[in-house]
Each structure stands twice: as C-alpha cells, then as structure tokens.
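Below: one structure, written as structure tokens.
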Amino acid sequence: MAPVIIAGGGIGGLVLALMLHRRGIACQVLEAAPSVRPLGVGINILPHAVRELADLDLLDALDTISIRTRTLTYMTQRGQTIWQEPRGCYAGHAVPQISAHRGRLQSLLWQTAQARLGAGAVRADARVIGAAQDAASVTVAVRTAGGETGAVTGDTLIGADGIHSTLRAALLGDDRLVRWNGIQMWRGAVDWPAFGSGDEMIIAGDATAKLVFYPIAPGSEPDRRLTNWVVYARIADAGTPPPGRESWSARGAFAEFAPLIEGFALPMVDIPALAGVTADIFRYPMCDRDPLPVWTQGRITLLGDAAHSMYPVGSNGASQAILDARCLADCLAAQDGPTALAQYEAERRPATTAIVHSNRIGGPERVIDLIAARAPAGFGRLDTIATQEELAAIVRGYANLAGFAAPPAAITIDAPR
Ligand SMILES: Cc1cc2nc3c(=O)[nH]c(=O)nc-3n(C[C@H](O)[C@H](O)[C@H](O)COP(=O)(O)OP(=O)(O)OC[C@H]3O[C@@H](n4cnc5c(N)ncnc54)[C@H](O)[C@@H]3O)c2cc1C
C-alpha cells in the first residue's frame, strides 16, 4: 500500500512526488495520458517556485531546456513603455524566473521522477475514475485507455488532475463552477530571431487586445529562440457560457485573430509575421473556477489547477501548484494523513483564493488597461498619465499577494518616460 497516491502526473503532481521522495515518503503517481508527450506551449515559473525546484536539484537540468527571464515590460499597443522591471536573479532573488515549454518541463519532471522513484511509481495510462475511503485507507479505481480497470490502495489521495479534475467533481459535485470572462486566447510557439537581450518578456496592448511574448528555449541558431506568444481579446460578455469545454489542445487559426493584432506596432517584433508562420496555433477560453469552499474530505484533497484553476494572468498557475506541493509534502512529513491534509488546506486555500480573485480583476496586466483608459492615443510623458506609485501599487501589489515580491533593496527601476 503506497502511503500517498497522486492522481495526475502534471507539473503539480510530479513535483509533489519528487518532494515526498526527498522526505522518504513513498507514493504512486497515476497519470491518465497513455504517454507523456511534450504538449502545451509557454509557461513561467516564478522565483518562489523555482526555489523549490532548485531544492530538488533541478536547476541545472532546467537551464538546459528553458530561459532565465531577465526583464518584464508592459507596453502600449504602439510600443510605449508603461512599466519595466528586472525579474528573478536580475531582481535580486537567489534563483531565476524561468520561461519554459510546458511539455518539455513536464517531460523533465516525469523522467526525473521515474529515475528517482523507480518507473513503477510513476504510471502512465492510469486514469483515476473514482475513489472510496474508510477510517484506515483510500481505494482508487483506475482505468486504462484500452478499458482495463484496477484498484490502488493508499493512505491518502491527492487530486492533482488538472482543470477538469475527476476528484474535484467527485468531492464537490459536477464541474459547474466554471467561469468564462469572455476572453479568447490564441497561443503558439515558433523558432524566431531573438529580440533585445534574448531573454526578455513583453506584455503589450490596449483595452481591446493584448499580446504576451517571450522566449522559452534556445532556437535553431544561436541568435534565434523558441518564442512563445499569446494574443487575447474579449469576444463575448463576461458570464457567457464558455464556447466549448476548455482544452489545452484545441486548435485555432491565424485568421480568427488577425484583425485584432493589426494595430500593434512594437519595435522588437512583427507580431502578425510571428503568429502567421506558427504551425500549431491553439485556442483557449480564459476560464477559471469559483474558489472552492473546501478541498479536503478525510483522506482525499486537491492540488494545483484541480484545487484553484485561475485566469492565466500574472504567470502564476504552475508556480502555485508547486507551492501547494511544498506545503503538502511538509505537512505529510510531520503528521498523519487526514491531519496533514487539513493543515495543508488551511494554509493554501486562503492564499490561492486571494490570487484567483486578483486575477479576475486583471492581475498586474491592469497597468495596461489603466493607461489605455486614460491615454487611448498614447502619451507624451507617462508621469502626466499615471504616477509611478499608482503603477507600482498594481504590479508590486500583485507580486506581494502571490508571494514572489523581489527583495525591496534589489529593485532598480528607471521610470520610463
Ligand atoms: C496538455 C496540457 C497542456 C498545457 N499547456 C499549458 C500552456 O501551454 N501554458 C500554461 O500556462 N499552462 C498549460 N497547461 C496547464 C498547466 O500545466 C497548469 O496550469 C499548471 O502547471 C498547474 O499544474 P497541475 O499539475 O495542477 O495541472 P496540469 O499540469 O494540467 O496536470 C494535470 C495532469 O492530470 C492528468 N489527469 C487529468 N485527469 C486525470 C485523471 N482522471 N486521472 C489521472 N490523471 C489525470 C492530466 O493528463 C495532466 O497530466 C497545460 C496543461 C495540460 C494538461
């Protein structure tokens, strides 16, 4: 009997497995996908979560597949700088902010978990379809893609099974808490000439459409990078039912958003050209879930997107899953199963609920909306439109809330004009 069963071998589930292994606690990861393939596009891991990966001795391996982000710049659609700040080590953190291909990151964690825990502890093609618990144990029903069923028994069960969590539905009823804010995202990654110092992240836009782009890995030549981009825009009123079930793999097409990016004029990238040559474009409605009133029932709890799916602003979803894992691993190392899960929820549910709410009102990207509302045609001097204090309150306020604020003395910002 494995002390801990983890449903879902995504970012959160695999990091939890590695952390439990470090603490001498055996676990069994059950992943639904028949094989782990490098799915997804760009993802950011913020310094407070990278610190946890560094503690797992993963930093060198991460450096081979990712980019250490140097700066984040918020801009208008026409390329005027609103706010720029150093990130990660460049902001005084002991570890970097990491921009990576989500699938390559998952593959790295998967292979590391297999090597450290043993291949049998990390099972693909094992979809969790239900669970039952009694006073002494929890039994998990599992099904393969071919329809074979089986059961795994353990001390506790962690639902790290993502946005459409089977265990969340089992604990709390149907998955009816989904909220779409009416914004559609189109995403892709493509080999592209490096811009700036080759490690910068840009978020630009106006009240209608926004664009996020950043390099996530070395490219085919030294002066090229695998460059992640996201275009997002409101296409429906907030509260409208989402256009289909959220899927990370749903295909989109350039023609669907080409008119939305016509007005962008950024000095460092020709975004229609970048998006236009991207072979695989994905479409994703910006959905979250209402914060859950409870994550834990006895020996079963939730972690990561299963517990707190949030709008993807502020680059925080994966980082919060990793912080969940750290907290849960510590609790499980110190207490018996049900007590540990309750203590984990008491710590992490309020913290992540606050982030879900903050992301609903726009997260740090709100600085773009503020300037767009006050100076839709651009500005001469930024300080006649908004004070540095106003902008800092939004950007640094979010960093404080989400727990990745840089050490104050380390931040040096030349107010852009
Ligand atoms: C295919 C895919 C592509 C993604 N692409 C991006 C991206 O490009 N950018 C981005 O910011 N975020 C992306 N995400 C989401 C991102 O990984 C998460 O928001 C974040 O890392 C939190 O991690 P998590 O472990 O909670 O969830 P996830 O990383 O989503 O992992 C959940 C895992 O659970 C598995 N699973 C689901 N149901 C079951 C079940 N019943 N039994 C067993 N296993 C199950 C899934 O296959 C998945 O591997 C993607 C997620 C997936 C699954």
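Bear in mind these aren't lab numbers, they're just calculated from the coordinates by the rules spelled out. Owing to the predicted nature of the structure, the values given are computational and were not obtained by experimental measurement. Heads up, the Cβs are rebuilt from the backbone with ideal geometry, glycines too, and the neighbour counts pull from every protein chain shown.
Considering only DSSP beta bridges whose two residues both sit in the chain, what percent are antiparallel, to the nearest 5? Counting DSSP beta bridges with both partners in the chain, the antiparallel share is about 75 percent. Counting charges near Ile281 (Lys, Arg +1; Asp, Glu -1) among other residues having Cβ under 12 Å from its Cβ returns a value of +1.
With Cα atoms as the point set, the radius of gyration and Dmax of the chain evaluate to 21.3, 68 Å. The phi torsions of the stretch 259-274, fed into the Karplus equation with coefficients 6.51, -1.76 and 1.60 and a -60° offset, translate into couplings of x, 6, 10, 4, x, 6, 9, 10, x, 9, 7, 8, 5, x, 5, 4 Hz, rounded to whole numbers, with Gly and Pro shown as x. Please state the shape class of the stretch 292-338: rounded when a/c is under 1.5, otherwise prolate if a/b exceeds b/c and oblate if not, all from the C-alpha gyration tensor. Cα axes put the stretch 292-338 in the oblate bin. Each residue of the stretch 7-19 was assigned a 3J(HN,Hα) from its phi angle through the Karplus expression (A = 6.51, B = -1.76, C = 1.60, θ = phi - 60°), giving 8, x, x, x, 4, x, x, 6, 5, 4, 4, 5, 5 Hz with x at Gly and Pro.
Near Gly219, once Lys and Arg are set to +1 and Asp and Glu to -1 for all other residues with Cβ below 13 Å from its Cβ, the sum equals -2. Near the amide H of Met185, within less than 5 Å, lie the amide hydrogens of Tyr284, Met286, all on another chain or at least 5 residues away, with H placed in the peptide plane.
Residues whose amide H falls under 5 Å from that of Ile129, counting only those 5 or more places apart or on a different chain, are Ala141, Val142, Arg143, with hydrogens built in the peptide plane. The value of relative contact order for the chain, using C-alpha pairs under 8 Å at least six residues apart, is 21 percent.
Evaluating 6.51 cos²θ - 1.76 cosθ + 1.60 at θ = phi - 60° for every residue in the stretch 55-64, the Karplus couplings come out as 4, 8, 6, 9, 5, 4, 5, 4, 4, 6 Hz, glycine and proline recorded as x. Taking a ≥ b ≥ c as the square roots of the Cα gyration tensor eigenvalues, with a/c under 1.5 meaning rounded and otherwise prolate when a/b beats b/c, else oblate, which class fits the stretch 154-269? Here the stretch 154-269 falls in the oblate category. If R0 is 30 Å, the Cβ-Cβ spacing of Phe254 and Leu59 corresponds to a FRET efficiency of close to 0.25. For the stretch 174-206, the list of trypsin sites (Lys or Arg not before Pro) that fall in a loop by DSSP and count at most 13 other C-beta atoms within 10 angstrom reads Arg176. Taking Cβ atoms as reference points and 12 Å as the exclusive limit, the residues near Arg127 contribute a net charge of -2, counting Lys and Arg as +1 and Asp and Glu as -1. Taking amide H as placed 1.01 Å from N in the peptide plane, Ile6 has its amide H under 5 Å from the amide H of Gln28, Val29, Leu30, Ile158, each at least 5 places away in sequence or on another chain. In plain terms, the residue of Met268, Met201, Met185 with the fewest other Cβ atoms within 10 Å comes first and the most crowded comes last, giving Met268, Met185, Met201. Computed per residue of the chain from DSSP H runs no shorter than four, each worth -39500 (n - 2.57), the mean residue ellipticity at 222 nm is -9500 deg cm²/dmol.
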